[in-house]
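Below is one structure; the comments refer to it alone.
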Amino acid sequence: MAKKILVTGGTGYIGSHTVVELQESGYNVIIVDNLSNSSIDVLDNIEKISGIKPAFENFDLADKDKTEDFFARTPGIEAIIHFAASKAVGESVEKPLLYYRNNLVSLMNILECQIKFKVLNIVFSSSCTVYGQPEILPVTEQTPRKDAESPYGNTKRVNEDILNDTIAANSQLNAIALRYFNPVGAHPSALIGELPLGIPNNLVPFITQTAAGLRGELKVFGDDYDTPDGSAIRDYINVVDLAKAHVVSIKRLLTSKNKASYEVFNLGTGNGYSVLEMVNGFEKVTGIKLNYKIVARRAGDIEKIWANTTFANKELGWKAEKGLEETLLSAWNWEKNVRGIK
Ligand code: UFG
């Protein structure tokens with residue numbers, strides 16, 4: 001029988017791509033999402049890709065009673081992938097308590113239910129934000145974590161600690177924390193992708209919305225960094241590659257005997273690209289000239305970061321495969337589909 005996997009935040013950006021990859025690998029997926037930053041239509045689009053409409057429940061995992069009730073009437077969950085979280089850095093500075101409540105309380109509720117209902121495995125969405133600006137690049141999983149730049153970043157750091165401590169105290173439980181670098185792009189079908197509410201904070205949605213005419217001009221935040229072209233460098237990873245790493249992590253949790261019960265992996269490509277390289281790459285693959293302007297640095301941004309992927313490649317047997325041009329084109333195809341551009 002297909003193994004049952006709970007995906008929280010499964011109608012969101014990374015969640016929806018992961019649901020598709022899990023289904024295509026033969027898992028039986030149940031999504032829990034409160035649709036605070038996603039749309040119910042995503043379920044139909046998942047079905048168009050995989051042929052299977054995932055089971056879905058709409059509630060807030062920060063609600064302990066609803067979470068317990070869900071686990072009580074949903075036996076047989078073998079593992080959880082916990083994506084559901086608030087993720088806007090700027091908003092977290094304005095509303096820290098909202099972020100601590102949403103992100104910390106939901107994980108704690110899930111872990112308490114895991115213990116109570118004997119659901120032994122969890123994959124947690126963490127972020128390279130826990131490294132801050134590292135002294136040595138590329139960053140390995142042993143690179144020391146730094147104080148977070150925002151309440152959002154702090155929720156990732158504290159949640160890693162909550163997981164680690166809970167796993168240490170409960171010998172049956174296993175967890176994998178995945179530290180994402182910068183997820184970008186969309187499914188090659190252009191049926192699912194990133195759909196930010198309002199003005200995008202992140203670079204690639206801002207680029208595609210500028211190309212689509214929704215934004216007048218892209219602002220490049222800073223050209224005076226200590227990088228070859230002066231703009232900031234990140235490790236942009238295709239969301240489908242990222243989704244596949246979750247499937248591999250689930251398999252590892254369900255089958256691997258000789259692993260540590262709490263593990264951390266960097267999920268990146270190992271390559272850093274500057275903002276201007278992203279702009280030029282987009283112009284090259286789409287043939288569209290982007291209207292952009294160099295402006296001052298954005299507060300809280302780090303200068304450069306990219307992943308050392310050796311540990312993930314070796315231990316997970318996983319590697320990011322898609323190149324930057326294919327990824328940028330997939331982001332553009334998704335934007336065109338959403339906006340009805342031919
Ligand atoms: N950038 C621009 N113009 C824009 C948007 C972004 O120049 O309109 C630049 C940023 O300054 C940065 C790069 O593009 O140099 C990437 O910015 P993103 O906002 O796309 O991504 P970040 O690296 O800032 O954000 C990521 C994750 C967050 C995480 C954060 C921690 O998306 O979840 O890293 O630093 F919290």
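The values are calculated or read from the model by the stated rules, or taken from the named source; none is laboratory data. As the structure is a computational prediction, the values presented were derived from the model and not from experiment. All Cβ positions, glycine included, derive from the backbone under ideal geometry; neighbour counts span all protein chains shown. What goes into the accessible areas is simple: the full protein's heavy atoms, side chains included, and nothing from ligands, DNA or RNA. Shrake-Rupley method; radii C 1.70, N 1.55, O 1.52, S 1.80 Å.
Each of ASN280 and GLN142 was given a label point 7 Å from its Cα along the Cα-to-Cβ line. The distance between the two points is 3.5 nm. FRET efficiency for the pair ILE288 and SER189, taken as 1/(1 + (r/R0)^6) with r the Cβ-Cβ distance and R0 = 22 Å, rounds to 0.55. Each 10 Å bin from 0 upward holds the following percent of the Cα-Cα pairs of the range 60-114: 23, 49, 21, 7.
Between ARG73 and GLU325, what length in nm is gained on full extension when 0.36 nm per residue of separation is reduced by their alpha carbon distance? Display every interim value, and only then the final one.
Details: separation 252, 0.36 × 252 = 90.72 nm, distance 4.53 nm.
Between ARG73 and GLU325, full extension yields an extra 86.2 nm.
Take the Cβ atoms of GLU94 and SER256, set R0 to 35 Å, and the FRET efficiency comes out at 0.25.
Cα centroids of the range 297-330 and the range 74-137: 21 Å apart.
Shape class of the range 194-257 from the alpha-carbon gyration tensor: oblate, with a/c at 1.5 or above and b/c at least as large as a/b. Normalised per residue, the accessible area of the chain is 44 Å², obtained with a 1.4 Å probe and no contribution from ligands, DNA or RNA. Phi angles across the range 80-88 convert, under the Karplus curve 6.51 cos²θ - 1.76 cosθ + 1.60 with θ = phi - 60°, into 3J(HN,Hα) values of 10, 10, 9, 9, 3, 6, 7, 9, 8 Hz, Gly and Pro given as x.
Quantify, in whole percent, the carbon and sulfur part of the accessible surface of the chain (1.4 Å probe; protein heavy atoms only). Roughly 50 percent, rounded to a whole number. Counting only DSSP beta bridges whose two residues both lie in the chain, roughly 5 percent are antiparallel. Under the criterion of Cα pairs below 8 Å and six or more residues apart, the relative contact order for the chain equals 19 percent. Scanning residues 5 or more positions from TYR262 or on other chains, those with amide H under 5 Å from its amide H are ALA175, with H placed 1.01 Å from N in the peptide plane. Distances between placed amide hydrogens fall under 5 Å for ILE237 paired with ASN182, VAL184, all partners being 5 or more residues away or on another chain. Please state the shape class of the chain: rounded when a/c is under 1.5, otherwise prolate if a/b exceeds b/c and oblate if not, all from the C-alpha gyration tensor. Prolate.
Among the trypsin sites (Lys or Arg not before Pro) within the range 1-97, which fall in a DSSP loop and have no more than 10 other Cβ atoms within 10 Å of their own Cβ?
On the way: sites: LYS3, LYS4, LYS48, LYS64, LYS66, ARG73, LYS87; in loops: LYS3, ARG73, LYS87.
Listed in order of number, the matching sites are ARG73.
Once the chain from ASP65 to LYS219 is taken as fully extended at 0.36 nm per residue, the excess over their C-alpha distance is 51.0 nm.
When the chain is treated as a GNM with alpha-carbon contacts under 10 Å, the residue of VAL295, VAL220, VAL119 showing the greatest mean-square fluctuation is VAL295.
Stokes-Einstein, applied to the Kirkwood radius of the range 86-189 over Cα pairs at a viscosity of 1.567 mPa s and 4 °C, places its translational diffusion at 87 µm² s⁻¹. Less than 5 angstrom separates the built amide H of ALA84 from those of THR8, GLY9, all sequence-distant by 5 or more or on a different chain. Of the DSSP H helices in the chain, those with a Cα length along their own long axis of 15 Å or more and a mean Kyte-Doolittle hydropathy reaching -1.0 comprise 13-24, 106-117, 151-169, 239-255, 275-286, 324-339.
By the gyration tensor of its Cα atoms, with a ≥ b ≥ c the square roots of the eigenvalues, what is the shape of the range 207-342: rounded for a/c under 1.5, prolate for a/b over b/c, or oblate?
Verdict is oblate for the range 207-342.
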